[in-house]
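What follows is a short report on a single structure.
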Number of protein chains: 2
Amino acid sequence: MKRIFLLGAGRSSAHLIRYILDLCPGEDWHLYIGDVNREDILRKTGGSAYSTPIELNAGDRELRRSEIEKADLVISMLPASMHLDVVKDCLEFGRNVITPSYVPDEMWSLNSEATKKGVLVLNEMGVDPGIDHMSAMRIIDSIRREGGEIGHFESYTGGLVAPASDTNPWHYKVTWNPRNVVLAGYGGTARFRQDGDDKFIPYSHLFERITTVEVPPYGRFEGYANRDSLKYAEVYGLSNIRTMLRGTLRKAGFCSAWNALIQIGLTDDSFEIPDPAKKTWRDLTASFTGSSKNDSLEYGLQSAFGWSADILDRLIWLGIFEEEPIRIEKGSPAFALQKLIEEKWKLGPEDKDLIAMWHRFRFVQDGKHFELLSWLTSEGEDAVYTAMSRTVGLPIGIAARHLLQGKWSLAGIHLPVLEEIYNPVLDELESMGVKFQESRSLFPLE
Amino acid sequence: MKRIFLLGAGRSSAHLIRYILDLCPGEDWHLYIGDVNREDILRKTGGSAYSTPIELNAGDRELRRSEIEKADLVISMLPASMHLDVVKDCLEFGRNVITPSYVPDEMWSLNSEATKKGVLVLNEMGVDPGIDHMSAMRIIDSIRREGGEIGHFESYTGGLVAPASDTNPWHYKVTWNPRNVVLAGYGGTARFRQDGDDKFIPYSHLFERITTVEVPPYGRFEGYANRDSLKYAEVYGLSNIRTMLRGTLRKAGFCSAWNALIQIGLTDDSFEIPDPAKKTWRDLTASFTGSSKNDSLEYGLQSAFGWSADILDRLIWLGIFEEEPIRIEKGSPAFALQKLIEEKWKLGPEDKDLIAMWHRFRFVQDGKHFELLSWLTSEGEDAVYTAMSRTVGLPIGIAARHLLQGKWSLAGIHLPVLEEIYNPVLDELESMGVKFQESRSLFPLE
């Protein structure tokens with residue numbers, strides 16, 4: 001029997017657990033799942049005899065390590081900041097490990113050790129990062145094989161809400177780690193290349209500089225730049241590309257209203273609110289202004305920042321001007337805002353979410369200029385079997401299967417840009433309905 | 001003979017070194033000075049027989065520790081982030097230590113150990129923080145002794161340039177660590193209390209929310225909020241005060257132009273500029289915009305951000321639109337900007353700098369409302385014996401004398417808010433011409 005040790009049974013693990021449990025009987029696998037919340041585990045395993053829940057705080061080094069040591073494969077679905085410790089344990093015990101998160105810079109220093117020990121650390125194996133890399137690389141490699149030269153690549157992904165469940169003025173609900181929703185873009189500077197120039201967007205302008213993206217049949221979205229796209233020019237083997245941009249999709253109208261929250265200061269995670277128990281949302285919002293709390297707080301801010309009526313409506317709906325307690329005992333403005341959106345943007349039990357991904361390539365082949373669009377959409381079943389959980393979890397599940405079946409003999413720190421990885425994973429995803437569409441056209445010279 | 005070990009012979013150490021060397025013969029002291037730059041030491045000691053230069057990188061743990069072990073008193077004038085290591089060494093060897101910098105939160109955890117070992121760690125002993133605390137506390141204690149109740153305290157300090165040497169449109173020259181000039185306010189959120197309400201200003205708005213302050217005879221300055229003022233309400237014993245604000249002074253017009261640099265993104269210290277050797281200032285500035293570098297870059301930004309002609313003039317003068325190499329081999333936009341201001345805002349050899357400090361108290365005594373203003377100004381002698389060096393260095397020198405003469409028997413982590421410290425220090429400063437002026441008036445009830 002082979003042991004799989006999964007750390008984290010949160011929002012994105014439902015499909016992954018189902019995928020693995022379905023294979024357990026035939027493959028003689030057993031799934032051990034560690035999470036602080038036993039209920040979260042049981043809800044997803046349905047008490048399957050092929051699974052064992054382990055109540056575990058991933059920060060508990062001893063328990064975590066004893067489970068890793070016993071496992072044949074480790075999957076970490078923990079918050080991104082916790083992967084590094086898990087990976088170090090896996091290297092120590094010689095265990096392959098998969099994560100859906102960005103490779104932190106510090107992790108690259110472990111590459112030699114992993115290679116030497118024959119351990120595969122496969123990161124960025126979810127939807128974004130993950131399916132975006134795999135689908136883009138399949139197209140990039142195919143264009144190159146046919147002699148095309150790629151000058152332009154943009155890729156946008158959004159974890160959104162399906163039209164049938166789109167019931168609030170922000171057109172957004174929380175389908176993944178809400179802390180990441182609140183801190184999207186925070187503390188970094190987005191970097192990308194545009195027409196041959198390096199471009200930088202500080203957080204304070206990130207949600208102001210948006211692109212319109214049309215994803216059939218869902219219509220118009222807006223995209224903002226996501227982290228450091230520059231480094232992916234190298235990763236994709238496109239060092240001389242003139243435009244290289246990875247971005248995030250939101251429904252049209254979201255970004256300018258979210259930008260208003262940033263402008264006020266409500267996404268600030270750098271300090272703890274003094275005496276939060278004594279404060280209402282109106283107090284907290286007023287704290288970021290120069291004047292005392294008064295009846296015209298919202299209109300004063302609107303005029304100072306030049307907000308449209310639409311933006312103000314969304315802020316009012318969210319509740320940041322209400323004389324309601326902020327209801328945290330301790331924490332930053334960002335943490336208070338997280339608690340607010342967890343409530344206001346809660347995905348109802350029957351709600352369906354939506355994953356939308358969209359790539360645009362421009363390339364020259366045989367002297368002609370082409371534009372290729374490629375896009376993927378996927379709707380969730382309900383609030384547990386979400387499209388987010390499907391597109392994050394299935395690529396990881398498929399990779400897990402390949403590793404346990406001995407089909408990949410890679411070692412080192414990797415992300416899924418190798419043909420050996422992306423081909424079987426994309427093919428199997430396609431067989432499960434996670435499938436891209438494509439349009440190709442001649443593109444007039446600018 | 002007693003050994004004083006001074007770490008750091010940079011911009012703020014000139015007066016301190018002179019003060020100590022003047023006392024060495026009579027007191028039988030010897031001053032050991034460690035700095036990476038031997039010339040910096042010799043320029044300030046003039047090769048005095050009472051001093052020994054030690055070429056030392058403070059990060060060289062072994063050499064640093066061996067000098068600390070031999071010393072009777074340690075003074076750290078290193079960059080703020082390096083004090084903690086020095087303080088830990090001092091605790092290990094039981095040596096008193098003085099620094100001019102803010103007490104980092106992590107340092108408070110050493111308070112018990114310092115107290116137990118009878119070691120004094122005296123921080124915030126320069127001008128701001130330092131003289132501001134001492135002069136404010138002397139007034140606060142005196143008002144309280146007379147039965148007054150303080151409801152309002154504001155304190156602003158600026159390291160500026162004297163009118164005779166004010167020769168550039170920014171009305172500013174670099175008189176202290178230029179990295180701190182560039183990163184003023186960066187990465188934090190200013191916090192203070194105003195009319196009973198907590199107030200927060202994110203970095204992106206810090207230089208927009210300014211107060212006008214008049215410091216005789218120099219005229220009008222602008223003040224912006226400095227870090228966390230809230231915690232000083234406790235430190236000063238004014239927990240229930242309604243207005244509590246510490247701020248920084250700049251000559252009128254500076255803040256809006258500096259804010260423009262922040263708005264563009266040029267103070268960003270979160271990432272390294274790719275290929276800096278290939279880039280000009282115009283390239284770097286254009287990188288923060290949505291369009292390609294073109295002839296109307298400056299006017300496009302002016303219109304996007306609504307800059308006045310004055311602001312644009314200052315930016316043009318600084319050189320951020322020039323086709324000149326940014327001249328760094330590696331580093332962030334903030335680091336490139338630091339190199340630019342070090343050149344453009346260089347203090348000439350004969351230039352005189354200016355320290356201006358201004359406090360405003362409002363208090364009720366015998367049913368009457370009073371306003372008390374207290375201010376200090378000090379001009380430098382030249383580019384070495386600056387007012388900055390005088391007001392940072394002399395309080396430290398005076399404290400050093402008191403400690404070596406056994407006049408203080410304090411232990412633990414302290415800042416100079418105790419009468420035992422501030423009275424002799426302020427008295428001696430006054431005898432050396434560093435002297436406050438005061439005006440008191442009845443203040444009409446609001």
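The values are calculated or read from the model by the stated rules, or taken from the named source; none is laboratory data. This structure is a prediction, so every number in the text was calculated from the model and none was measured. Neighbour counts are summed over all protein chains in view; Cβ atoms, including those assigned to glycine, are modelled from backbone coordinates with ideal geometry. For accessibility, only protein heavy atoms count, side chains too; no ligands or nucleic acids. Shrake-Rupley method; radii C 1.70, N 1.55, O 1.52, S 1.80 Å.
Based on the alpha-carbon set only, what is the convex hull volume of the range B:199-300 divided per residue, in Å³?
164 Å³
Would you mind calculating the relative contact order of the range A:282-440 from Cα pairs under 8 angstrom and at least 6 residues apart, reporting the percent as a whole number?
The value is 18 percent.
List the residues, sorted by chain then number, that are 5 or more residues from B:Ala190 or on another chain and whose placed amide H is less than 5 Å from its amide H.
B:Ile201, B:Tyr203
Take the range B:338-422, compute every pairwise Cα distance, and split them into 10 Å bins from 0; I just need the percent in each bin.
Reading upward from the zero bin: 13, 27, 27, 24, 7, 1.
If each label sits 7 angstrom from Cα along the C-beta direction, how far apart, in nm, is B:Pro79 from its counterparts in the other copies?
2.9
With charges only on Cβ, +1 for K and R and -1 for D and E, what is the dipole size of the range B:1-73 about its Cα centre, in debye, rounded to 20?
Roughly 140 debye for the range B:1-73.
Evaluate E = 1/(1 + (r/R0)^6) for A:Ser409 and A:Glu322, where r is the Cβ-Cβ distance and R0 equals 60 Å; express this FRET efficiency to the nearest 0.05.
It comes to 0.55.
With a 10 Å cut-off between alpha carbons and a GNM built on chain A, which of A:Ser291, A:Ser112, A:Ser229 moves the most?
Among A:Ser291, A:Ser112, A:Ser229, the largest GNM mean-square fluctuation belongs to A:Ser291.
Determine the percent antiparallel among the DSSP beta bridges restricted to chain A, to the nearest 5.
Looking only at bridges with both residues in chain A, the antiparallel portion is about 60 percent.
Rounded to the nearest 100 Å², what's the accessible area chains B and A bury against each other, both chains counted, probe 1.4 Å?
2400 Å²
Look at the axis of the rotation that sends chain A onto chain B, then give the chain A residue with the nearest Cβ and the distance in whole Å.
A:Ser204, 2
Could you tell me whether chain A comes out rounded, prolate or oblate from its Cα gyration tensor? Rule is a ≥ b ≥ c as square roots of the eigenvalues, rounded for a/c under 1.5, then prolate if a/b exceeds b/c, otherwise oblate.
Here chain A falls in the oblate category.
Would any residue of the range B:194-220 have its amide N under 18 Å from a label point 7 Å out along Cα→Cβ of B:Val364? List them or say none.
So the set is B:194-197.
Please give the FRET efficiency for B:Glu329 paired with A:Glu214, using the beta carbon to beta carbon distance and R0 = 45 Å, rounded to the nearest 0.05.
Given R0 = 45 Å and the Cβ-Cβ separation, E is 0.55.
Of the candidates B:Gln365, B:Gln263, B:Gln194, which one comes out as most mobile in a Gaussian network treatment of chain B with C-alpha springs shorter than 10 Å?
B:Gln365
What is the distance, in nm, between label points placed 7 Å from the Cα along the Cα-to-Cβ direction at A:Lys116 and at B:Asp382?
5.8 nm
Between the chain alone and the structure with every protein chain in place, find the residues of the range B:261-300 that drop at least 30 Å² of accessible area; heavy atoms, 1.4 Å probe.
SASA drop of 30 Å² or more in the range B:261-300: B:Ser270, B:Phe271, B:Pro274, B:Ser287, B:Phe288, B:Gly290, B:Ser292.
Sequence neighbours fewer than 8 away in the same chain don't count; with that in mind, list the lysines whose C-alpha is under 23 Å from B:Lys116.
By straight Cα distance, B:Lys116 reaches B:Lys70, B:Lys88, B:Lys407.
In square nanometres, what is the average projected area of the Cα convex hull of the protein assembly as shown?
For the Cα atoms of the protein assembly as shown, the hull's average projected area reads 40.2 nm².
Using a Cα-Cα cut-off of under 18 Å, which aspartates and glutamates could be cross-linked to A:Lys339, ignoring same-chain neighbours fewer than 8 residues away?
Partners found: A:Asp268, A:Asp269, A:Glu272, A:Asp275, A:Asp283, A:Glu322, A:Glu323, A:Glu324, A:Glu329.
Which three lengths, in whole Å and largest first, does the range B:1-89 cover when its Cα atoms are put on their principal axes?
Principal axes ranked by extent give 32, 25, 18 Å for the Cα atoms.
Along Cα→Cβ at 7 Å, what distances in nm separate the A:Leu442 label point from those on the other copies, shortest first?
Its label point is 9.0 nm from the equivalent points in the other copies.
Distance between the C-alpha centers of the range B:263-289 and the range B:396-446? Whole Å please.
Measuring centre to centre over Cα atoms gives 44 Å.
So for the range A:243-305, what percent of the C-alpha to C-alpha distances run longer than 16 Å?
Percent of Cα pairs beyond 16 Å in the range A:243-305: 57.
Hand me the trypsin sites (Lys or Arg not before Pro) from the range B:327-410 located in a DSSP loop with no more than 14 other Cβ atoms within 10 Å, in residue order please.
Those that pass, being in a loop and sparsely packed, are B:Arg327, B:Lys330, B:Lys346, B:Lys407.
What number, in percent, do you get for the relative contact order of the range A:172-240 if the mean sequence gap of Cα pairs under 8 Å and at least 6 apart is divided by its residue count?
28 percent
With θ set to phi - 60° and the Karplus curve 6.51 cos²θ - 1.76 cosθ + 1.60, what are the ³J(HN,Hα) couplings of the range A:355-367 in order, to the nearest whole Hz, using x for Gly and Pro?
9, 10, 10, 8, 10, 10, 10, 10, 8, 10, 9, 6, x
Which of A:Gly10, B:Gly319, A:Phe207 sits closest to the plus end of the dipole of the protein assembly as shown, meaning its Cα is farthest towards the positive end, when Lys and Arg get +1 and Asp and Glu get -1 on the C-beta?
A:Gly10
Just grab the label-to-label distance for B:Trp108 and B:Ala304, each label 7 Å out from Cα along the Cβ direction, in nm (one decimal).
About 4.1 nm separates the two model spin labels.
Calculate, for B:Leu442 and A:Lys435, the FRET efficiency according to 1/(1 + (r/R0)^6) with r their C-beta to C-beta distance and R0 56 Å; round to the nearest 0.05.
For B:Leu442 and A:Lys435, the calculated efficiency is 0.10.
Could you tell me which GluC sites (Glu not before Pro) in the range A:315-393 are loop residues by DSSP with no more than 15 other beta carbons within 10 angstrom of their beta carbon?
Within the range A:315-393, the qualifying GluC sites (Glu not before Pro) (loop, at most 15 other Cβ atoms within 10 Å) are A:Glu322, A:Glu323, A:Glu329, A:Glu350, A:Glu381.
Explain nothing, just the number: dipole magnitude of the range A:299-365 about its Cα centre with +1 on each Lys and Arg Cβ and -1 on each Asp and Glu Cβ, in debye rounded to the nearest 20.
In total the dipole reaches around 460 debye.
Defining the label point at 7 Å along Cα→Cβ, can you sort the distances from A:Asn294 to the same site in each other copy, shortest first, in nm?
Spacings between copies for this position, smallest first, are 4.3 nm.
Is the shape of the range B:145-214 best called rounded, prolate or oblate, per the rule: a/c under 1.5 gives rounded, else a/b larger than b/c gives prolate, else oblate, with a ≥ b ≥ c the square roots of the Cα gyration tensor eigenvalues?
oblate
For the range A:163-216, with all protein chains present and a 1.4 Å probe, just round the carbon and sulfur fraction of the accessible area to a whole percent.
49 percent
For the range B:98-111, in order, what is each residue's ³J(HN,Hα) by Karplus, 6.51 cos²θ - 1.76 cosθ + 1.60 with θ = phi - 60°, in whole Hz (x at glycine and Pro)?
10, 9, x, 9, 4, 5, x, 3, 5, 6, 4, 5, 8, 4
State whether the range A:204-259 is rounded, prolate or oblate according to the following rule on the C-alpha gyration tensor (a ≥ b ≥ c being the square roots of its eigenvalues): a/c under 1.5 gives rounded; otherwise a/b larger than b/c gives prolate, and the remaining case gives oblate.
oblate
Using alpha carbon coordinates only, what is the Rg to Rh ratio of the range B:293-341, with Rh defined as the Kirkwood radius?
1.00
Determine the distance separating the Cα centre of the range B:173-232 from the Cα centre of the range B:293-352; give it in Å without decimals.
22 Å
Expressed as a rounded percentage, what relative contact order does chain A have, with Cα pairs under 8 Å and six or more residues apart?
Taking the mean separation of contacting Cα pairs over the length of chain A, I get 21 percent.
Near the amide H of A:Gly126, under 5 Å away, which other amide H atoms are found, from residues 5 or more places off or on another chain, if H is placed in the peptide plane?
A:Ile131
Looking only at A:Ser292, A:Ser204, A:Ser142, which one moves most when chain A is put into a Gaussian network model with springs between Cα atoms under 10 Å?
Comparing A:Ser292, A:Ser204, A:Ser142 in a Gaussian network model of chain A, the most mobile one is A:Ser292.
List, in order, the whole-Hz ³J(HN,Hα) value for each residue of the range B:300-312 obtained from phi through the Karplus relation with A = 6.51, B = -1.76, C = 1.60 and θ = phi - 60°; use x for Gly and Pro.
Values, residue by residue: x, 5, 4, 6, 4, 9, x, 6, 6, 4, 4, 5, 4 Hz.
Mind putting a number on the dipole of the range A:314-446 about its Cα centre? Charges go on the C-beta only, +1 for Lys and Arg and -1 for Asp and Glu, and I need it in Debye to the nearest 20.
Dipole about the Cα centre, nearest 20: 280 debye.
For A:Thr243, what residues show an amide H to amide H distance below 5 Å, using hydrogens built from the backbone and excluding near sequence neighbours?
A:His152, A:Phe153, A:Asp195, A:Gly196
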